[in-house]
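What follows is a single structure, written as C-alpha cells, with notes after it.
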Amino acid sequence: MAASVLPTDWIKNWEKSGKNDFVFCTTDLQTALYELCWNVVQGSLKVDVAASLLADVMVSVRPVWPSYLCPVLTRCFNLDPNRVLDIILEVYECRSDQDEFFIPLIKSYMCEHQTLCHILGFKFKFHQEPNGETPSSLYHVAAALLQHNLIALEDLYVHLLPQDSAIVEEHKREILEAKQIARKLTMVVVPSEKSEDKEKDKEKEEEKSEKPPDNQKLGLLEALLRIGDWHHAQNIMEQMPAYYATSHKAIAIALCQLLHLILEPLYRRAGVPKGAKASLLKPLRNKQAPAPVETFEDLSKDVFTMLGYLGPHLSHDPILFAKIVRLGKSFMKEYQSESKQDTKDKLDSLLSCFLSVSDQVLLPSLTLMECNACMSEELWGFFKLFPYQHRYRLYGQWKNETYSNHPLLVKVKAQTVDRAKYIMKRLTKENVKPSGRQIGKLSHSNPTILFDYILSQIQWYDNLITPVVDSLKYLTSLNYDVLAYCIIEALANPEKEKMKHDDTTISSWLQSLASLCGAVFRKYPIELAGILQYVTNQLKAGKSFDLLILKEVVQKMAGIEITDEMTVEQLEAMTGGEQLKAEGGYFGQIRNTKKSSQRLKDALLDHELALPLCLLMAQQRNGVVFSEGGEKHLKLVGKLYDQCHDTLVQFGGFLASNLSTEDYIKRVPSVDILCNQFHTPHDAAFFLSRPMYAHQILSKYDELKKAEKGNRQQQKVHKYISACEQVMAPVHEAVVSLHPPKVWDDIRPQFYATFWSLTMYDLAVPHNAYDREVNKLKLQIKAIDENAEMPLNKKKKEKERCTALQDKLQEEEKKQLEHVQRVLHRLKLEKDNWLLAKSTKNETITKFLQLCLFPRCVFSAIDAVYCARFVELVHQQKTPNFCTLLCYDRVFSDIIYTVASCTENESRRYGRFLCCMLETVTRWHSDKAIYEKECGNYPGFLTIFRASGFDGGNKADQLDYENFRHVVHKWHYKLTKASVHCLETGEYTHIRNILIVLTKILPYYPKVLNLGQALECRVHKICQEEKEKRPDLYALAMGYSGQLKSRKVHMVPENEFHHKEPVNITTPGGLQNGPGNSSKPAAAAASTTSKNEEGTAEDAGEFLFNQVNAIRHSQSIFTPAHLHAYSQ
C-alpha cells in the first residue's frame, strides 16, 4: 500500500496558504494520503485496514500527526466535521491501546463536548439492540475521554442502559429471591413438595442461563477502573445500590487490580512478611490515576473509600485480602508502640477506619471465601491486636447485620444453616472426627452462623456437649474467638428466662451452656477475658445466675471442685497439702490442668478481674437475699445464695493456690479495708486474707532462718513465733475496728484474728489420708509390674510417675508435720492472753459463738470441721476463762433457729459441724478413762465459776464422768426436741434442713433408743404427708428413714446411756427438767442469766450443773404418751 512505503524524511511541516488551504510540501506524500482517505470515504477500504496502515507510520510522525490529519480530512475532502469525528472515534475504537495518539488528536479537533458526547452516545445506542453486546473497546474510548475531561459523565450517562430505576428494581428482586431461597432452606418440606420445588428451581435456572441484557453502565465502570479513573468510577457507583456494581466479578477484579497498584509502595515498605518475596507490579502509566500511597495516612485519601465500595467482593482476590490484613497488622503494631499523645490522636482516626474496613469488607469477604483457613488465620493475626471489646463488636455486626446487607450473603447464611443442620443430625461420639472436619470447613467462612445453630442445639440437648467439644479441634484461632463471643451472646439473650417455669430452679439451657463453657475453655486456647468480664458485669448489675459459668470454668480449668457431698476420706485429704488435695480430695483425679489454670490466672491478672470478682461475689451473697430475691421462690433464693457462696469459695481457693505471694499480697487489701471500705462480710474478708497471712508468715520465717543460721528445733520454733508476731501484729490492730469496743472486753483481738487466720492444715496432719494415697500408689506400681501387655517404655514412665508422686506426698506430710508442731507451740504460748472475760463466761461464749464459731462453721465443709477441732484444741490447751461445757451446751441446746436460717448447703455444713462436735462428745462419753484423761483436770469442765476468775479450783469443782453422761443425754434430748419441732412446723426449709442435718449427724446421733424411736415415728409421718405434695422432701425423709433403721442396732436403752440413780454430789440446788415441767428450765435459765449479768453470782457452769441434777432426778424424757404424741 502507498502509506507503507513512505520514508520518514518525506514528511515535512505544514505550510499555510492565504486561502487557508493545507498542502504537503512533498507531492508524493500528499497523493498517498489522499488516496488512502478517499478509499476510506468511498468505502472501498475498511476503516480497520486503513488504521493498521496508518499505525505503521504513527510512531515516526506522532509529534505532528494530529496537527495536519484533521484539516486534511475536512478541507481537502470536504467531509462533515461530525463525520470526521465519527471516523476518528471509529479508528480510536479499533486501536484503543493508542490513547497517547488519539487523545491529543481529539483535543486538537476543538469540537464542542456536547457534540462529541452525542456521537459517542449514538454509538452506545447502536449496541442497545436485543441481545446486543457493546464492545469493550468502546467502553475504553468513553472512559479515556471521560478521564481527560473531553466529555462530561452526566451527558454520557443518559445515553446508557439500563435506567437507574431498572437497576434498583433488579437489586430488590435479587434480595427477594435470596430471601425466598433462604426461607425454603429453613422450612421443613415433605418429599413430594421437595420434588416440585426442585423442578421449579430448574426452570428458574434455565431462565437465568439465558443471556442477560447488556449493562452499559457497568461496562463503562469497568473500563474506568482499568484505566485508573477513580473519580468518575465512584460517581457511577454512587448512583447504584450498595455493592451492586462490585457484585459483578469483572468490576470487583478491576477495582482490586487498581488497589494493588495503589497499595504497592506501602505494602513493600510495611506489609511484606520477613523472608517473603513478592512479584513487582508495574504502575499505571496514566498520570490522572490515583497516586500510590507511601504512608498509612495516605490510605484515607482513596483506599478506604475504594474498599468500602468493594465490600464483601474482596473475596475475589485473596491476595489483596492478605495485603490489607498485613497492612492492618503493621499499623496496629505502630499504633501500640506510639507513645506521643498527639501522634496517637491522629492515628485514632486511622484505627477507626481499619475497624470499619474489618466490619464492612474483611469479615463479609471471608464469608464468601470457601474453606479458606489460611485467610482466617491471617485475619486473626490482625484481630488479636485489637482489644476483645472491639473484636466482639465486629463479630456482633458480622453475625446480626452483615448477612442481611447483600443477597449473596443471605443465600450463604441459609446454606450454612442447612449444612449445619445436616452435620448436627449425624454427630455422635462415634463419628466425632469426620463430623469435626466438616464443622471445621464450615466454620472457616461462616463461624457465627454455625456456632449460633450449634449452641441452640446444645441448649436443648445437653448430651451433645461432649461430642461437640471434641469435634471443635479443627477450628482456627479466629473461630475459637468467635465461639467465645457467640457463647456470651447466647448467655446474654434477653428473651431467654434463666429460671424454669416453676421459679424454683435454674433453667436447663443455662446449665448446658455453663457446662459447655467449662469444657471448651479448658480444652482449647480461647481468650477468657470476655466471659470473665461478662460475669463481672452481671454481678455489678446485681444478677447472680451467671455465676454458674464462672463455677464451671474454674472447676474444669483448675480442677477445683466445690461440693458438700464429700466423703470423710475426701474431707480428710482436703486438710493436707496441695498434692494430697489433688490426689485424694476430689471426685475425679486432677490431671493436666497446669496450662489451663495458668491461662485462667493470666486472664484474671491481665484484666485486673481477680479482686473485683471476689468482692462482688462476697457482696452479692446478701444481695441475693435482700435485692435480687424479691418475689422469687425461697427455694430458688437459697440455691442462688449457695451458688454465689460456693463460687466465692472455689474462686478464692483457685487464687490462693495459683497466684504467687507477691501477686496475691499486691491485689488483696487488708481485712479492715475489705470490711469497712468494700463492705465485705467478715467471713469472706478473712477467707480472702487468710492465704495472704500464711504466705507472709512463711516468707518472714524463711527470711529469719536465712538471717540467723541455726538448725535446732527450738530455734526454728522461736523464729516462727517471731515471724507470726511481726505479720499478725498489724492484723490484731486492724480487727479492732470491725466490732464495737464492748466485744473486746471478753475476747482479745489476738484470739479473734488467730481463729480466723488458721485452717485445718495448721491444726492437724491427716496421716491416714497420706498413708491411704501412698498405699494406692504402691498398688498401682504393683499392678504396672504385673501388666504384661503394657509396653516397657510406658511401664517405665508410669512407674516413674507413681514413684515421684509417692515421694512428693511423703515429703509434703513431713513438711506439714513440722508446720503443725510450730503452730501448736505458738498457740500454747498465746492461749493465756486469749480470753479476758471481764463480764461473764456466758457472755464470753456468746461472743465466741456469734463472732467466730457460727459464721465460720457454715462457710465450707473444711471450715465446719475446723470449728469443731478448734473448740477441742482450745479445751486441750487449758485456755483460761474458756468453759468447754458451756460452749458445747450452747451449740447443742437450741438448734431450731440456726437450722431454720440455713440454706440447703449451709445446713449440710452445719450438720457436719455438729457431727464433729458430737464425735468429740461421744468419745468422752464412751470411756471413763478417756474422759478422765482429756477432761478430768481441765478448766473447761469446772461446774462452778466465780466472777473473780479461776484460782486453781479443786476436784469437787470438776464435773465427774457420770454427771457428764447426764449432760450428754440432755444434749441428745435437746437435739431430739428441736428436730421434732422442725419436722412438725410444715415449713419447707425447716423440714429440708433438719433432715439434712440429721443425716449428717447420724453416725453419733441418735444413740438412745427411745429418742431414735421418736424421730423414726415423726420422719415416717413426713414420708406419708409429703409423698404427693413435695417429692424432694419425701426423698430426703425416705433416705434418712432407711439409714436410721440401719443404725438401730447401735442404739442403746436410756439406762445404758446414763445412770439415772442419784449420785452423791454437792449441788447448789436442784432444778427439775422433765417433760412434765417444761417451763422450769426456761425459768432457771432466765434466773441464771440475770445472775450472770450481775457478774457476782454463780456463772453458767452452775446452771449446767443444775441442769445435770434435774436430768438425773427425772424419770424418762420420752414416755409412751410422748411417743404417741410425736407419732400423730
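Under 40 Å from the mean Cα position of the chain (by Cα) and either surrounded by fewer than 18 Cβ atoms within 10 Å (Cβ to Cβ) or free of Cβ contacts under 8 Å to residues at least 60 places away in the same chain (or both): is that true of residue 1022 in this structure? Criteria not met by residue 1022. Among the residues making up the stretch 980-1011, those that are closer than 17 Å to residue 1044 by Cα, in a helix (DSSP H, G or I) and either among the hydrophobic types (A, V, I, L, M, F, W, C) or without any contact (Cβ under 8 Å) to a residue 60 or more places away in the chain (or both) are 980, 983, 991, 994, 995, 996, 997, 998, 1009, 1011. Looking at 550, 580, can you tell me which residue is open to solvent by less than 20 Å² (accessible area, probe 1.4 Å) and at pLDDT 90 or above? Among 550, 580, only 550 is open to solvent by less than 20 Å² (accessible area, probe 1.4 Å) and at pLDDT 90 or above.
Of note, residue 780 does not satisfy the criterion of being open to solvent by 60 Å² or more (accessible area, probe 1.4 Å) and either touching a residue at least 24 places away in the same chain (Cβ under 8 Å) or among the β-branched types (Val, Ile, Thr) (or both). A residue that is touching a residue at least 60 places away in the same chain (Cβ under 8 Å), more than 20 Å from residue 758 (Cβ to Cβ) and either in a helix (DSSP H, G or I) or open to solvent by 60 Å² or more (accessible area, probe 1.4 Å) (or both) can be found somewhere in the stretch 829-838. Taking (1) open to solvent by 30 Å² or more (accessible area, probe 1.4 Å); (2) under 41 Å from the mean Cα position of the chain (by Cα); (3) of a type in the set (Lys, Arg); (4) more than 19 Å from residue 975 (Cα to Cα) in turn, residue 878 satisfies each apart from (2).
Among the residues that make up the stretch 738-757, is at least one of them of a type in the set (S, T, N, Q) and open to solvent by 40 Å² or more (accessible area, probe 1.4 Å)? No, the conditions are met nowhere in the stretch 738-757.
When each of 216, 239 is tested for being polar (S, T, N, Q) and at pLDDT 90 or above, the lone residue that passes is 239. On inspection, residue 297 fails the criterion of being open to solvent by 50 Å² or more (accessible area, probe 1.4 Å), in a helix (DSSP H, G or I) and in contact with a Ser or Thr (Cβ under 6 Å, 6 or more places away or on another chain). Of all the numbered requirements in (1) farther than 18 Å from residue 314 by Cβ; (2) assigned to a helix (DSSP H, G or I); (3) open to solvent by 20 Å² or more (accessible area, probe 1.4 Å); (4) among the charged types (D, E, K, R), residue 429 misses one, and that requirement is (2). Residues that are in contact (Cβ under 8 Å) with a residue 12 or more places away in the chain and surrounded by fewer than 20 Cβ atoms within 10 Å (Cβ to Cβ) within the stretch 409-422 comprise 411, 415, 417, 418, 419, 421, listed in sequence order. Can you tell which of 868, 929, 861, 900 is in contact with a Ser or Thr (Cβ under 9 Å, 6 or more places away or on another chain), open to solvent by 20 Å² or more (accessible area, probe 1.4 Å) and of a type in the set (A, V, I, L, M, F, W, C)? From the options 868, 929, 861, 900, the qualifying one is 900. Only one of the numbered conditions (1) within 27 Å of residue 565 (Cβ to Cβ); (2) modelled with pLDDT under 90 is not met by residue 975, and that is (2). Here the helices (runs of 4 or more DSSP H) wholly within the stretch 690-804 that include at least 3 residues being more than 21 Å from residue 668 (Cβ to Cβ) and among the basic types (Lys, Arg) are 767-786. The set of residues in the stretch 465-503 being touching a Ser or Thr at 6+ places or on another chain (Cβ under 9 Å), of a type in the set (Gly, Ala, Ser) and open to solvent by less than 10 Å² (accessible area, probe 1.4 Å) consists of 471 alone.
On inspection, residue 854 passes the criterion of being open to solvent by 10 Å² or more (accessible area, probe 1.4 Å), at pLDDT 90 or above and assigned to a helix (DSSP H, G or I). Among the residues examined, residue 811 does not qualify as open to solvent by less than 30 Å² (accessible area, probe 1.4 Å) and either closer than 30 Å to residue 561 by Cβ or part of a helix (DSSP H, G or I) (or both). Inspect the stretch 270-291 for any residue being among the hydroxyl-bearing types (Ser, Thr, Tyr), open to solvent by 20 Å² or more (accessible area, probe 1.4 Å) and outside any loop (DSSP other than H, G, I, E, B) and give the result as yes or no. No, the stretch 270-291 contains no residue that is among the hydroxyl-bearing types (Ser, Thr, Tyr), open to solvent by 20 Å² or more (accessible area, probe 1.4 Å) and outside any loop (DSSP other than H, G, I, E, B). Specify the residue that is modelled with the highest pLDDT; the eligible residues are those in the stretch 381-426 that are more than 21 Å from the chain's Cα centre (by Cα) and not in a helix (DSSP H, G or I). So the residue we want is 401.
Take the conditions touching a Pro at 6+ places or on another chain (Cβ under 6 Å) and more than 30 Å from residue 334 (Cα to Cα) and apply them to residue 408. Does it pass? Criteria not met by residue 408. Applying the criterion of being open to solvent by 20 Å² or more (accessible area, probe 1.4 Å) and assigned to a helix (DSSP H, G or I) to the residues of the stretch 453-464, the residue that is modelled with the lowest pLDDT is 462. Just to verify a result, which residue in the stretch 881-896, among those that are at pLDDT 90 or above and open to solvent by 30 Å² or more (accessible area, probe 1.4 Å), is nearest to the chain's Cα centre (by Cα)? The qualifying residue nearest to the chain's Cα centre (by Cα) is 896. Taking the residues in the stretch 618-645 that are open to solvent by 10 Å² or more (accessible area, probe 1.4 Å) and under 20 Å from the mean Cα position of the chain (by Cα) as candidates, determine which candidate is nearest to residue 562 (Cα to Cα). Here the residue is 643. Among the conditions (1) assigned to a helix (DSSP H, G or I); (2) charged (D, E, K, R); (3) within 26 Å of residue 907 (Cβ to Cβ), residue 631 misses just one, which is (1).
The values are calculated or read from the model by the stated rules, or taken from the named source; none is laboratory data. Quick caveat: nothing in here was measured; it's all calculated off a predicted structure. In this analysis, Cβ positions are derived from the backbone assuming ideal geometry, glycine residues included, and neighbour counts consider all displayed protein chains. These area figures cover heavy atoms from the full protein model, side chains too; ligands, DNA and RNA do not enter into them. Shrake-Rupley method; radii C 1.70, N 1.55, O 1.52, S 1.80 Å.
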